[in-house]
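Inspection log for the structure reproduced underneath, given as structure tokens.
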Amino acid sequence: MLKDGGFHLNSGEQIVLDVPDKWSGRIWGRQNCHFDGNGKGKCDTGNCGGQLQCRGLGGEPPATLVEMTLGSSTSPLHFYDVSLVDGFNLPVSMKPVGGGVGCGVAQCEVDLNICCPSALEVKSGEKVVGCKSACLAIQSPKYCCTGQYADPKTCKPTVFAHLFKAVCPKAYSYAFDDSSTLYTCRAPRYLRGRGVAVDEEEVEAYLAGERHRREGTEREVREMREGKRETA
């Protein structure tokens, strides 16, 4: 467990984490957090039991995840990815420092909250702070890739996954996404960073071109909730 599972960073701050050989885990960001002197409190997204140090607890979705399985001195190949399977809350990336040819950048550096379909939005007041995954929003085997859909042959990308993939092609968009978004590298160091929001005009241009997809997403959510589609 790194730093007891949680720490606070102000805007512009950074921290160096030394991890042991063969460490495997996930890192996610939280936002608009308020904790007391005992580390008790909450955040708008990414909560873990109402405490600063998660101590092994996972983050409440939606949360953008950086996942990694690290090698060792005798087997130095590292595996890493950025996942939107649990939804999105903050732009993130994982970039190798060194490592040679073939080391890719796992990332979702666009603020998906700007173009999140209204049916998937998580709000704090009037501000959209997260975008739910299809599984979290609809809670059916078809969208969670469980039960009879727990297989890449039966669990296919939905309109939700297509939307996420169009905006963040270098991140996993659903459970059985293309393995090309799983990166491997032998770099000794990696940078895990926060992305920046895209220009609002660029977002509007994107939305104009993808309006039919977004409308189809919201229509599908409504029909699922009204019981008009098969959910088993």
Exercise for review: Could you please report the charge total around residue 44, scoring K, R as +1 and D, E as -1 over all other residues with beta-carbon less than 12 angstrom from its beta-carbon?
Suggested key: +3
Point to revise | the range 1-152: C-alpha gyration tensor shape, a/c 1.5 cut-off, then a/b vs b/c | key: oblate
Review point. For residue 38 and residue 162 in one chain, what is 0.36 nm times their gap in residues minus the Cα-Cα distance, to one decimal in nm?
Key: 40.4 nm
Study note, to complete from the structure: Residue span residue 16 to residue 121: 0.36 nm per residue of separation minus Cα-Cα distance leaves a gain in nm of 34.5 nm
**Study point:** Exceeding the 20 Å Cα-Cα cut-off - candidates 22/165; 123/170; 3/40; 132/156; 95/170
**Key:** 22/165; 123/170
**Study point:** Proximal lysines to residue 127, defined as alpha-carbon separation beneath 21 angstrom and excluding residues fewer than eight positions away on the same chain
**Key:** 42
Revision key, fill the gap. Relative contact order of the range 1-114 (C-alpha contacts under 8 Å, at least 6 apart) in percent is 21 percent
Review point. When the Karplus curve 6.51 cos²θ - 1.76 cosθ + 1.60 is applied with θ = phi - 60°, which whole-Hz ³J(HN,Hα) does each residue of the range 167-174 get, with x for Gly and Pro?
Key: 7, 10, x, 9, 9, 5, 9, 7
Check your understanding: Based on the Cβ-Cβ distance from residue 31 to residue 74, what FRET efficiency comes out when R0 is 30 Å, to the nearest 0.05?
Key -> 0.15
Practice item. Provide Rg and Dmax in Å for the range 53-136, with only Cα atoms included in the calculation. Key: 15.6, 52
Check your understanding: Can you give the convex hull volume of the alpha carbon atoms of the range 14-71 per residue, in Å³?
Key -> 104 Å³
Point to revise | Highest average packing first - 83-92, 178-187, Cβ atoms within 10 Å | key: 83-92, 178-187
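Only the coordinates and a few stated rules stand behind these numbers; no lab work does. Predicted, not measured: the structure shown is a model, and the values here were computed from it. Using ideal geometry, Cβ is built from the backbone for each residue, glycine included, and neighbour counts are taken over all protein chains shown.
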